[in-house]
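The values are calculated or read from the model by the stated rules, or taken from the named source; none is laboratory data. If you're wondering where the values come from, they're calculated on a predicted model, not measured in any experiment. Using ideal geometry, Cβ is built from the backbone for each residue, glycine included, and neighbour counts are taken over all protein chains shown. To get the accessible areas, we keep the full protein, side chains included, count just its heavy atoms, and leave off ligands, DNA and RNA. Shrake-Rupley method; radii C 1.70, N 1.55, O 1.52, S 1.80 Å.
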Amino acid sequence: MVSAFQSVLTAEQIKTKAQELGVDLVGIADGSVLENNPPPEFPKKPSDITEHDGGKVIVLAKRYTSGTTRITRWDERHKYYNDELTLTMLEEASLHLVYWLEDEGYPGIIIPPTHVDPWAYRNDPDEHLTTLLSLNHAAVEAGLGTLGLNLQLLTPEFGPRVMLSAVMCTLDCDTDQPMTDALCKGPECGRCLSTCPGDVVGHWSRDWAACDKYRSPHGFAQLTDHLENIFDEPDPSEKLNLLRSENSFNLWQSILRGSGVVTGCRRCQDVCPVGEDYERMIGSTLDKIPEDTPEKAARLAAMIDAEASNDLPVEFEAQKRWIGAPKYSRGK
Ligand code: SF4
Ligand code: SF4
């Protein structure tokens with residue numbers, strides 16, 4: 001019901017506004033669906049954040065620039081910095097959308113892609129911490145795409161080459177439906193696994209803590225390691241060298257701007273063939289995967305064999321709501 005202080009807003013108006021603010025993709029999920037289907041590994045719900053304004057979850061996606069995707073090194077600081085600018089733009093668009101919703105009479109809350117739950121921190125810098133809601137899972141519920149072999153979000157337009165944010169708001173408007181068929185091409189493709197510099201991709205799973213060392217190469221864990229090394233160094237001149245090292249410089253620059261902390265490795269996103277942008281903008285530079293090894297190829301072959309026998313891992317069963325029905329081979 002719309003009160004005297006509220007305008008009637010349709011889903012179409014909200015999406016048009018988000019696109020005017022520069023967002024590439026926008027979908028609207030029903031908050032109660034997220035409430036009733038918390039993701040298996042990190043089961044967070046809208047009511048963990050607010051009991052008032054989680055009625056709808058508006059998921060916003062901004063594509064990465066293709067020029068940076070064509071830089072093939074995973075540890076390229078210029079790429080981190082460009083991605084940080086994309087993030088800044090997405091965060092600003094989210095904030096402008098909230099102010100616009102509030103002008104129409106609806107309080108809103110942003111779920112940023114970089115803010116992790118501070119109460120979940122347990123004095124272990126190496127422990128994986130998640131966003132307050134899983135934006136990948138929310139994006140699936142909002143009809144933007146499906147999860148891939150390493151649980152990254154795949155969209156028809158840009159594959160996994162998007163950054164996500166969300167705005168929660170309680171209002172009466174239509175919601176989007178999840179896609180039913182998987183966009184992922186499965187282990188027959190496996191390029192996300194083949195390219196991964198940390199070799200952290202499993203069979204419909206990912207070692208998130210190990211991935212963080214690459215996704216956030218100058219983050220809090222690296223800062224504490226570096227400071228511990230400086231404290232523990234007994235030789236004064238070596239201590240000074242460590243203080244003045246490139247590692248210190250990178251950490252300082254990351255604290256200054258966030259590049260290398262909130263942005264980092266995204267090789268699995270870059271090389272994924274899903275997305276209209278792949279052939280059009282980037283595929284020609286990314287076809288080869290220098291990080292591939294015979295061991296990785298053997299693991300993918302074992303996954304293909306297992307799936308051919310309908311022997312899907314427990315991780316698939318846990319995530320199949322968001323993966324969708326695999327269409328790349330028969331029998332599943
Ligand atoms: S972000 Fe990098 S380390 Fe993490 S899964 Fe993707 S390729 Fe692997
Ligand atoms: S790279 Fe291939 S296997 Fe990995 S998510 Fe994309 S389509 Fe799926």
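Let's see how each residue does on (1) aromatic (Phe, Trp, Tyr); (2) in contact with a helix residue (DSSP H, G or I) (Cβ under 9 Å, 6 or more places away or on another chain); (3) farther than 23 Å from LEU151 by Cα:
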residue	(1), (2), (3)
ALA29	no, yes, no
VAL33	no, yes, no
PRO46	no, yes, no
GLY55	no, yes, yes
THR65	no, yes, no
TYR81	yes, yes, yes
LEU85	no, no, yes
TRP100	yes, yes, yes
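To keep it simple, each residue is scored yes or no on (1) away from ligand 2 (no atom under 16 Å from the Cβ); (2) surrounded by fewer than 18 Cβ atoms within 10 Å (Cβ to Cβ); (3) outside any helix (DSSP H, G or I).
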| site | (1), (2), (3) |
| --- | --- |
| ALA209 | yes, yes, no |
| ASP212 | yes, no, no |
| GLN222 | yes, no, no |
| ASP225 | yes, yes, no |
| GLU228 | yes, yes, no |
| PHE231 | yes, yes, no |
| PRO234 | yes, yes, yes |
| LEU240 | yes, yes, no |
| LEU251 | yes, no, no |
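Name the residue that is nearest to the chain's Cα centre (by Cα), counting only residues in the range 294-332 that are polar (S, T, N, Q) and open to solvent by less than 50 Å² (accessible area, probe 1.4 Å). Step by step, filter the range 294-332, then rank; the result is GLN319.
Only one residue in THR146, THR131 is modelled with pLDDT under 95, open to solvent by less than 50 Å² (accessible area, probe 1.4 Å) and within 18 Å of PHE42 (Cα to Cα). Which one? After applying the criteria, what remains is THR131. Out of all the residues in the range 174-182, is one or more of a type outside the set (Gly, Ala, Ser), closer than 18 Å to ASN136 by Cα and within 17 Å of the chain's Cα centre (by Cα)? Checking the range 174-182: not a single residue is of a type outside the set (Gly, Ala, Ser), closer than 18 Å to ASN136 by Cα and within 17 Å of the chain's Cα centre (by Cα). Scanning the range 266-308 for residues that are over 15 Å from ARG63 (Cα atoms), assigned to a loop (DSSP other than H, G, I, E, B) and touching a helix residue (DSSP H, G or I) at 6+ places or on another chain (Cβ under 6 Å) returns ILE289, GLU291, ASP292.
Considering only the range 50-88, state which residues are within 18 Å of the chain's Cα centre (by Cα), open to solvent by 60 Å² or more (accessible area, probe 1.4 Å) and within 23 Å of LYS17 (Cβ to Cβ). Passing the criteria: ARG63, LEU85. Among the residues making up the range 162-190, those that are in contact with a helix residue (DSSP H, G or I) (Cβ under 8 Å, 6 or more places away or on another chain) and within 16 Å of ligand 1 (Cβ to nearest atom) are MET163, LEU164, CYS184, PRO187, GLY190.
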